[in-house]
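First the structure, in the form of structure tokens, and then the observations on it.
The values are calculated or read from the model by the stated rules, or taken from the named source; none is laboratory data. Keep in mind the model is a prediction, meaning the values are calculated, not measured. In this analysis, Cβ positions are derived from the backbone assuming ideal geometry, glycine residues included, and neighbour counts consider all displayed protein chains.
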Amino acid sequence: MADELITLIPAGPEDVAGIVDLCLSVERQHEAYWPLRWQLRGDLGPRYHRWLESNLAAPRWLILCAKAGTSAAAAPSLVGVLVAAIQEEIPIYSYREYAFIHDMAVVVEYRRRGVANQLLQEARRWAGEKGVNQIRAMVAVKNDAASKLFGHAGYRATYQEMVQSIGDLGEAALTFSFLSHRRGSGGRAVPGGNGRGF
């Protein structure tokens, strides 16, 4: 392992099955954090395979493999992957598009050897060539290692996704009532409904 050369190359059709296996390990990790948010479909493998294949040659997609090998004679093995795309932004900001990392995974034995950093650097270079001014990623709150990795690579936390199970709603949930305009109020909003308006 010490004398292996890590090479970054665009994924080809022959890489898709290995990429799916590697990325599914991350998806299963997410599902273990909280199934409500990341509950996987039973047929996720074939779906993910089709999704990757359909985007392999797409110009606004980067599906990048990190491969390790010791010599030109031996076939290099897949040790990491990054999947990114150029996304459209909602039309309220001064920019129209950004790059987004959908998935990134590195084989356990190759972690802490710079593979993820190489993938992130290449993704940043690619995004710059596409003319966007930023590249984003979502990191699970419980994934400290990924948070540190992205932080060391120059990513900043900008917002936190908040999720609530609809099954959690009940009598103990806060109840808000909307302010309503009542006749005779002079156009002022007054509490309506149960009087707990704000």
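Filtering segment 1-20 to residues that are buried (at least 16 other Cβ atoms within 10 Å of the Cβ) and assigned to a helix (DSSP H, G or I) leaves Asp15, Val16, Gly18, Ile19, Val20. Looking across Lys130, Lys67, one residue alone is out of contact with any Phe, Trp or Tyr (no Cβ under 9 Å at 6 or more places or on another chain), touching a residue at least 60 places away in the same chain (Cβ under 8 Å) and either aromatic (Phe, Trp, Tyr) or within 19 Å of Asp21 (Cβ to Cβ) (or both). It is Lys67.
Would you check if Glu122 is touching a residue at least 40 places away in the same chain (Cβ under 8 Å), exposed (fewer than 15 other Cβ atoms within 10 Å of the Cβ) and either in a loop (DSSP other than H, G, I, E, B) or of a type in the set (D, E, K, R) (or both)? Judged against the criteria, Glu122 is not a match. Answer yes or no as to whether Glu109 is over 14 Å from the mean Cα position of the chain (by Cα), in contact (Cβ under 8 Å) with a residue 60 or more places away in the chain and loosely packed, with under 12 Cβ neighbours inside 10 Å. Against the criterion (over 14 Å from the mean Cα position of the chain (by Cα), in contact (Cβ under 8 Å) with a residue 60 or more places away in the chain and loosely packed, with under 12 Cβ neighbours inside 10 Å), Glu109 qualifies. The set of residues from segment 56-112 being touching a Ser or Thr at 6+ places or on another chain (Cβ under 8 Å) and either of a type in the set (Phe, Trp, Tyr) or part of a strand (DSSP E or B) (or both) comprises Ala66, Lys67, Ala68, Gly69, Ala105. Of the residues making up segment 22-44, at least one is assigned to a loop (DSSP other than H, G, I, E, B), farther than 27 Å from Val141 by Cβ and of a type outside the set (A, V, I, L, M, F, W, C). Scanning segment 90-106 turns up no residue that is surrounded by fewer than 13 Cβ atoms within 10 Å (Cβ to Cβ), closer than 22 Å to Val139 by Cα and among the small types (Gly, Ala, Ser).
Scanning segment 153-175 for residues that are among the hydroxyl-bearing types (Ser, Thr, Tyr) and at pLDDT 85 or above, we see that the one that is farthest from Trp38 (Cα to Cα) is Tyr155.
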